[in-house]
Each structure stands twice: as structure tokens, then as C-alpha cells.
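The values are calculated or read from the model by the stated rules, or taken from the named source; none is laboratory data. Since we're looking at a predicted model, the values are computed, not measured. In this analysis, Cβ positions are derived from the backbone assuming ideal geometry, glycine residues included, and neighbour counts consider all displayed protein chains. Accessible surface is based on the protein model in full, side chains and every heavy atom, while ligands, DNA and RNA are left aside. Shrake-Rupley method; radii C 1.70, N 1.55, O 1.52, S 1.80 Å.
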Amino acid sequence: MEIQEYRRVYKNLDQLILILLVLVLPVFGMIYLYQSSGEDTWDLPELPLFVGHILSGGGIGLLVGQYLRFRKSVKDVFQTDNLLKKLKIYAGATRERYIILLVTALICSAGLLFFGWAIYNAIFAVTLFFFSISKPTPDRIKRLLKLNTEDAEVIRLASRPE
């Protein structure tokens, strides 16, 4: 069995997740430090309160939505017996999940910048929690996709450096 295709799917997914995480952390960190300093040097416009409520509600909604959407998408895996197709379905669902998490983190950053509410820190913390626990690992893939020992070994080998 050719493992290169499995490795390519796994590595592309892993690289995307790292890139998204590297984008999210500095943006939120810079805004958090700006808010913590107490200085208002950025002459930001005053937005109506309902915009802040929409942003916080949207962030929470996206967190719940990404979880439910991911679970629903992973169920499609059980429609096929082909391991590569299973891995591609899982990779697509994970990719979608992380894009939603990126949008959620950016909403938190914007909300914190304009409103300074602590709810955005909490939503961002939950977003980082999902970023970390959702990262694909061979064990996680085996458990979610209910793989047999042979298929799990293929995934484990694909996750290893060449």
C-alpha cells in the first residue's frame, strides 16, 4: 500500500493548522496587550453596543456550530470502506473546523479591540481549547473514525516524518 498519499493529506492538514494558529495568536495577543495597557492611542470609532452583542453572540454561535458541524461531517466517514477516502473526509471536516475557529478568533480580536469586554477573552480561551484538543493525531483519528488496527497503523506511519 502506497503511504505517500496518506502522508500528503496528513501533512497538509497539519501545516494548515499550524499556519492558522500562528496567524491567530499574535493578532489577539497584540490587541490583548493594547487593551491591558489602558492607553487609547488608536483613535478607534465608537461602535454601538448591539454590534458588541452581535460579535460575542456570533463568536459563541460559531464555537457551538463548528463542534456540531464537525461531528456531523465525521459521520460521513462511515459511508465508505476506503481508508484514503475516510482520511480525506476527516481532513475536509477538520479543515472546515479550523477555518471556523480562525474566524471566531478574529471576531474575538475585533470585539476585544472595540469593546474591551472580558467575554471576548473567554471566547478566545475556548477557541484555543478547541485549537489544541482538535489537532489531528493518529490516536484521535483512530478513535473518531473507528479504525481497525491495520488502518490505524497506516495513519500512524503517515504521521511520521519521512
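Using each residue's phi in the range 50-57, evaluate 6.51 cos²θ - 1.76 cosθ + 1.60 at θ = phi - 60° and report the 3J(HN,Hα) Karplus result to the nearest Hz, with x for Gly and Pro.
5, 5, x, 5, 5, 5, 5, x
In percent, what relative contact order does the chain have, based on Cα pairs under 8 Å that are 6 or more apart in sequence?
On the way: 141 pairs, mean separation 59.0, N = 162.
Relative contact order comes out at 36 percent.
Taking springs between alpha-carbon atoms closer than 10 angstrom, which of V24, V64, V126 fluctuates most in the Gaussian network model of the chain?
Among V24, V64, V126, the largest GNM mean-square fluctuation belongs to V64.
Could you point to the label whose value was computed as percent of Cα pairs over 22 Å apart for the structure here, given (i) 49; (ii) 39; (iii) 62?
Read-out taken from this structure: (i).
Roughly how many percent of the accessible protein surface of the range 23-162 is carbon and sulfur, given a 1.4 Å probe and a whole-percent answer?
Values: 4940 of 7910 Å².
Carbon plus sulfur share of accessible area: 62 percent.
Applying the Karplus parametrisation 6.51 cos²θ - 1.76 cosθ + 1.60 with θ = phi - 60° to the phi angles of the range 60-74, what ³J(HN,Hα) value in whole Hz is obtained for each residue in order, glycine and proline being reported as x?
For the range 60-74, the Karplus curve yields 5, x, 5, 4, 5, x, 5, 5, 5, 5, 4, 4, 5, 5, 5 Hz.
May I ask you to order 45-53, 79-87, 100-108 by the average number of other C-beta atoms within 10 Å around their residues, highest value first? Intermediate results must be reported in sequence, preceding the final value.
Working: 45-53: 10.6, 79-87: 14.7, 100-108: 22.0.
Those peptides, ordered most packed to least, come out 100-108, 79-87, 45-53.
Restricting to lysine pairs 8 or more places apart or on different chains, what number in the chain have Cα atoms under 19 Å apart?
Lysine pairs meeting the criterion: 26.
Please list 3J(HN,Hα) in residue order for the range 105-120, calculated via the Karplus relation 6.51 cos²θ - 1.76 cosθ + 1.60 where θ = phi - 60°; whole Hz, with x for glycine and proline.
Result, ordered by residue: 5, 5, 4, 4, 4, 5, x, 5, 5, 7, 10, x, 7, 5, 4, 5 Hz.
In square angstrom, what is the accessible area per residue of the chain with a 1.4 angstrom probe? Write down the numbers at each step before the final one.
Numbers: 9260 Å² over 162 residues.
Accessible area per residue, the chain: 57 Å².
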